[in-house]
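Okay, so here's the structure we're looking at.
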Amino acid sequence: MAEASSTNSAADEKGSEGSSPESAPPSSTISRVKLLDTMVDTFLQKLVAAGRRPSGIPEKDLCSIMAPYFLQQRDTLRHHVQKQEAKNRQLADAILAGRKQVEELQLQIQARQQAFQALHREQRELLAVLREPE
């Protein structure tokens, strides 16, 4: 692993010299690679200490570690989705109830408007009758 990192750091040094001015200086690239190597070594030591023996296949080792985490995340997300769907159903029910109430109020308004217009017509007719000369 250390051999690979030294080759990678040499390639990183060459690539960062001619690249953009935003690139990290070669010394920080080397320290980043060393830090990454240290992190990987620490991770592997923790695996061995936990009783898990790395298979030697990094993909398999990573999958064996990450699969339970991703399954837990999936379950958590499902739970949140179910809660949100239940909340959405409640809101949809509230909206439908509100729409029904609006329709009922519109019918009441129409009925009162018609009653008012009929009363107004009767008042005009009564005034017309009272104003007629005898």
Backbone HN-Hα couplings from phi across the stretch 67-76 [Karplus 6.51/-1.76/1.60, Hz, Gly and Pro as x] = 4, x, 4, 5, 5, 5, 4, 4, 5, 5
request  = Calculate what fraction, in whole %, of the accessible area of the stretch 61-132 sits on carbon and sulfur atoms when a 1.4 Å probe is rolled over the protein chains.
outcome  = 58 percent
note = Pseudo-spin-label distance residue 89 to residue 69, built 7 Å along Cα→Cβ, given in nm, is 3.4 nm
query = Short version: ³J(HN,Hα) in whole Hz for each residue of the stretch 98-109, in order, from phi by Karplus 6.51 cos²θ - 1.76 cosθ + 1.60 (θ = phi - 60°), x for Gly and Pro, what are they?
reply = x, 5, 5, 5, 4, 4, 5, 5, 4, 5, 5, 4
ask   = Applying the Karplus parametrisation 6.51 cos²θ - 1.76 cosθ + 1.60 with θ = phi - 60° to the phi angles of the stretch 31-39, what ³J(HN,Hα) value in whole Hz is obtained for each residue in order, glycine and proline being reported as x?
value = 5, 5, 5, 4, 4, 4, 4, 4, 5
request  = Along Cα→Cβ, 7 Å out, is where each label goes; now give me the distance between the ones at residue 128 and residue 59 in nm to one decimal.
outcome  = 9.4 nm
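The values are calculated or read from the model by the stated rules, or taken from the named source; none is laboratory data. Since we're looking at a predicted model, the values are computed, not measured. Because the Cβ atoms are built from the backbone with ideal geometry, glycine has one as well, and the counts that use them run over all protein chains shown. Surface areas here come from the heavy atoms of the whole protein model, side chains and all, with no ligands, DNA or RNA. Shrake-Rupley method; radii C 1.70, N 1.55, O 1.52, S 1.80 Å.
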